[in-house]
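Take a look at the structure below.
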Amino acid sequence: MVSLSRASKTLKSKYAQFSHFIFIGRANNGTAPVANSCNSRLVSPYCQLGWGQNAFFCSHSCRHSIKDGSSIDLSQYPCDKIRNFSIIAHVDHGKSTLADRLLELTGTIRKGHGQPQYLDKLQVERERGITVKAQTATMFHKHNFLGSDTYFLLNLIDTPGHVDFSYEVSRSLAACQGALLVVDAAQGVQAQTVANFYLAFESNLAIIPVINKIDQPTADPDRVKAQLKSMFDLDPSDALLTSAKTGQGLEKVLPAVIERIPPPPGKSNSPLRMLLLDSYYDEYKGVICHVAVVDGAVRKGDKISSAATGRSYEISDVGIMHPELIPTGVLLTGQVGYVVSGMRSTKEARVGDTLHHCRSTVEPLPGFKPAKHMVFSGLYPADGSDFEALNHAIERLMCNDASVSVTKETSSALGMGFRCGFLGLLHMDVFHQRLEQEHEAHVISTVPTVPYIFEYSDGSKLIVQNPATLPSNPKHRLTACLEPTVVATIIIPSEYVGSVITLCSERRGEQLEYSFIDSQRAFMKYRLPLREIVVDFYNELKSITSGYASFDYEDAGYQTSDLVKLDVLLNGQSVDAMATIVHKSKAQRVGRELVEKLKKFIDRQMFEITIQAAIGSKVIARETLSAMRKNVLAKCYGGDVTRKRKLLEKQKEGKRRMKRVGSVDIPQEAFHELLKSS
C-alpha cells in the first residue's frame, strides 16, 4: 500500500506542471485552432500517449466538439484538404485494429474507451471476429504539408475481408481515391489480398502497401516485400512497416495518406451529384443514406431527386460519421457523410443511385453492378404458425442488408417459407445468425443450391433456383444443361500442392494457372463448378492443408454440363424439399448416401416404408424401413396351422391397407439434421 501511495503521488507531481489546458476551436481562416466560448474542448498539450515502451507523440488532431456539429465548419475543407481512403486486406490481417489506432491517433475516439474493433458494430461481427458491413469514419488531422501546418479532413472506410462481402468492398472503393493494402507480416500475401488489390487497381486508386503485425515472432517483412513486388509490382520501399497492436510505425500512415493519395476530383461550382453508397434503417430517423458528394453541395432543407426512381425528398438531416452521426447542416464537394431524407424503406434507396437537386438535370454517375447472388437456400419457420413472425423478421433484417433476395415459396414437407439468394455461404450463415440473435426467429434452412439453366428442344430456357421446380419428366427433350462456374484462387504452402490438386480434380476442377510466389508458397487458379464448392469445399481445403490455405473465388459465367434431377421418394411420394440437381457421374453415390441417412432419421411406423432415390422414373438407390410388428400368434397355443395362417394373412392385409392411407411424418429436427449433413 505504501508503494502504491508513493507511485500515485509521483504521477500527480509529474503531471501537475501540465495543469494548464488549451482551448481548441475553429478560427475564421481555418488555419489554426483558437478559443471558442461554447463549443470548445479541454485538451492536454500531450493529447496522445504513443504506444510502445518510451514513445510519445502528439496526435495533431483537430478536436472538434462532437456533441454539437455546429462547431465543425466543413467549409474550411476544400477538395485539396480532403483525402478519402479505405483499408483493404485478407481476413484477419488487422484492418479493424488499424482503423482503431488511426481513430485514436487523430483523437476521434479516446484510447482505452469503447470496445476494440470500434467500427465493428454487429454482434455477429464481434463473435466471429470478422467485418461484415463496411463502416465509415471522418477524422481531422494536422500535417505539415508543403511547408505549412494544415488541417486535413480524412474519410476512412473499414471494409470486410471475406470473399462473400467483396460487394461491400467494391462499393467502398467507389467513394475513395486511395487504399491502404494491409498484409500480415507473418502470413504474407493471401487470396483475398490478390482479389482486393485488383479491385482497387481497376478503380485507378492510389495503393499504399502496409505490412502489419511486425511485432510477431514469426514476422518476415522482407519476404512480404518480395511478394508484393513479384505479384503486384509494388515498390518495396513504399511499404510501411507497422504494428496496429503496439502502435509501432503508425505515425507514418496518415502522412503517407495525405502525401500519396490525390484529393477528390469534384467540381464545387457544378450542380449537385451524390453517389449513394449504402443505407440502413433506424427506428427513430427512418432510412439513413451514406453518400459521397461528387459535385456541388447539399444542405439541410434542400429538395433532392433520385435518378433511378424519380422520387423527390427533402433533406431533414445531413452530417458526417465522427464516428457516430454528427449533424453538420451541409456536405460539400468531395466529402463523405450521411443524409436523412424521409425515405420509407431501403428499397427506395438503391445503392449506386445518383441523387441531385430537384429541377436540375445531371448526368448520372456510373453506379455499381447489381449484387449477383451465388447461393440460394430455402428458409422455413421451425413452427408453421410462426410464418408471419419470420416474414416480419426478414423484412426488418433486409433493411440493413439489401443484398439478399427473397421470394415466397411453398413446400409440401415444410409448408410456407422463403427462397433466399445470398452472395456466398458465409453471407448465408451470417444472415441466419442475425435472424436468430436480433429477431429471435427459429428457422429451418434447406441445402444451399445454385442457379442452373436448362434448354429444351422447342427453344425455351428454364432458370432453376429451386430443384423442386424442375419437372422430372419434361414435355420437350432436354438439349443442354448449364451450371455456374467460378475461378478460384488458392494460395498454399508448397508441401500441400499434391493434396490440393487431388481435391480440385475430384470436384471437377480445371487448372488454369500454377506458379510459386516464393520458395515456400504456391499460387493456383482453378475453374470449378459453383455447386462443388458451396457446401464443404472450403472446410476440406483447410483440413488437408492444416489450416494454411487461403481461398477466394469470382464468378466465371456458365458452362455446359451433364446434370440430372435427383428425387427422393417415400412410399412412392416425392419429397420436394429433398430434391437436388447433381452431376450424372455422382448421382449414384449421392443417391445412396441420401437414402442411407434418411433411413437413420425417419421413425419406424406400423407399416413398411420404402425410401428411394430416383432420376426421372429410374430408381438408382433404395432402402426399406421395416414395419413395427405385433406378434399375432402369441394367443395361439397349439391348434391347426391354418388358424395361424389366417391370422398372419389378416395382419398382412391390414399393413397393406395402412400403407395405402398412411403418411410418413418426418420430424423437423431430423429433417434439419439431414439437410445440414447432406
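The values are calculated or read from the model by the stated rules, or taken from the named source; none is laboratory data. In this text the structure is predicted, and so the values were computed from the model without any measurement. As a convention, Cβ positions derive from the backbone with ideal geometry for all residues, glycine included, and neighbour counts pool all protein chains shown. Only protein heavy atoms, including side chains, enter the accessible area calculation; ligands, DNA and RNA are left aside. Shrake-Rupley method; radii C 1.70, N 1.55, O 1.52, S 1.80 Å.
Numbers at a glance
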{"quantity": "Selection status of LYS461, farther than 27 Å from GLU348 by Cβ, among the basic types (Lys, Arg) and modelled with pLDDT of 85 or more", "calculated": "yes"}
{"quantity": "Residue tally, condition among the hydroxyl-bearing types (Ser, Thr, Tyr) and at pLDDT 90 or above, over segment 446-455", "calculated": "1"}
{"quantity": "Hits in segment 483-541 - residues which are assigned to a loop (DSSP other than H, G, I, E, B) and of a type outside the set (A, V, I, L, M, F, W, C)", "calculated": "ARG507, ARG508, GLY509, ASP518, SER519, GLN520, ASP536"}
{"quantity": "Residue in segment 544-555 that is surrounded by 14 or more Cβ atoms within 10 Å (Cβ to Cβ), hydroxyl-bearing (Ser, Thr, Tyr) and more than 27 Å from the chain's Cα centre (by Cα) present", "calculated": "no"}
{"quantity": "Condition broken by ILE157, with the remaining ones in (1) in a loop (DSSP other than H, G, I, E, B); (2) in contact with a helix residue (DSSP H, G or I) (Cβ under 7 Å, 6 or more places away or on another chain); (3) modelled with pLDDT of 70 or more satisfied", "calculated": "(1)"}
{"quantity": "Some residue of segment 630-652 being open to solvent by less than 90 Å² (accessible area, probe 1.4 Å), at pLDDT 85 or above and over 25 Å from GLN465 (Cβ atoms)", "calculated": "no"}
{"quantity": "Subset of segment 304-360 [of a type in the set (Lys, Arg), within 27 Å of the chain's Cα centre (by Cα) and over 21 Å from CYS176 (Cα atoms)]", "calculated": "ARG344, LYS347"}
{"quantity": "Residue among GLY421, GLY459 that is open to solvent by less than 40 Å² (accessible area, probe 1.4 Å), outside any helix (DSSP H, G or I) and without any contact (Cβ under 8 Å) to a residue 60 or more places away in the chain", "calculated": "GLY421"}
{"quantity": "Inter-residue pairs, beta-carbon under 9 Å, first closer than 22 Å to PHE537 by Cβ and in segment 509-520, second of a type in the set (S, T, N, Q) and part of a strand (DSSP E or B), 6+ apart", "calculated": "GLU510/THR485; GLU513/THR489"}
{"quantity": "Matching residues in segment 375-397 - criterion: being touching a residue at least 40 places away in the same chain (Cβ under 8 Å), in contact with a strand residue (DSSP E or B) (Cβ under 7 Å, 6 or more places away or on another chain) and open to solvent by 20 Å² or more (accessible area, probe 1.4 Å)", "calculated": "ALA382"}
{"quantity": "Residues of segment 337-354 satisfying the condition of being modelled with pLDDT of 90 or more and hydrophobic (A, V, I, L, M, F, W, C)", "calculated": "VAL339, VAL340"}
{"quantity": "Selected residue (only one of LEU598, LEU647, LEU625 is under 30 Å from CYS481 (Cα atoms) and outside the structural domain of ARG507 (by the TED database))", "calculated": "LEU598"}
{"quantity": "Selection from segment 399-418 of residues that are hydroxyl-bearing (Ser, Thr, Tyr) and either open to solvent by less than 40 Å² (accessible area, probe 1.4 Å) or not in a strand (DSSP E or B) (or both)", "calculated": "SER403, SER405, SER411, SER412"}
{"quantity": "Hey, LEU241 within 24 Å of GLN216 (Cβ to Cβ) and among the hydrophobic types (A, V, I, L, M, F, W, C) or not", "calculated": "yes"}
{"quantity": "Sole residue being in contact with a His (Cβ under 9 Å, 6 or more places away or on another chain), within 23 Å of LEU74 (Cβ to Cβ) and at pLDDT 90 or above, chosen from VAL298, VAL293, VAL318", "calculated": "VAL298"}
{"quantity": "Which listed residue, of VAL339, VAL404, is among the hydrophobic types (A, V, I, L, M, F, W, C) and more than 17 Å from ASN466 (Cβ to Cβ)", "calculated": "VAL339"}
{"quantity": "Counted residues, segment 607-618 - those being within 18 Å of PRO471 (Cβ to Cβ) and in contact (Cβ under 8 Å) with a residue 12 or more places away in the chain", "calculated": "5"}
{"quantity": "Residues of segment 521-545 classified as touching a residue at least 24 places away in the same chain (Cβ under 8 Å) and of a type in the set (S, T, N, Q), total", "calculated": "1"}
{"quantity": "Among (1) under 18 Å from SER75 (Cβ atoms); (2) out of contact with any strand residue (DSSP E or B) (no Cβ under 9 Å at 6 or more places or on another chain) - the single one GLU283 does not satisfy", "calculated": "(1)"}
{"quantity": "Residue within segment 312-334 that is without any contact (Cβ under 8 Å) to a residue 40 or more places away in the chain, touching a Ser or Thr at 6+ places or on another chain (Cβ under 8 Å), over 20 Å from ALA175 (Cα atoms) and not hydroxyl-bearing (Ser, Thr, Tyr) present", "calculated": "yes"}
{"quantity": "Residue count for segment 286-331, restricted to those that are open to solvent by less than 40 Å² (accessible area, probe 1.4 Å), of a type in the set (Ser, Thr, Tyr) and farther than 13 Å from CYS358 by Cα", "calculated": "1"}
{"quantity": "Members of segment 532-556 that are of a type in the set (D, E, K, R) and within 17 Å of GLN192 (Cα to Cα)", "calculated": "LYS542, ASP552, GLU554, ASP555"}
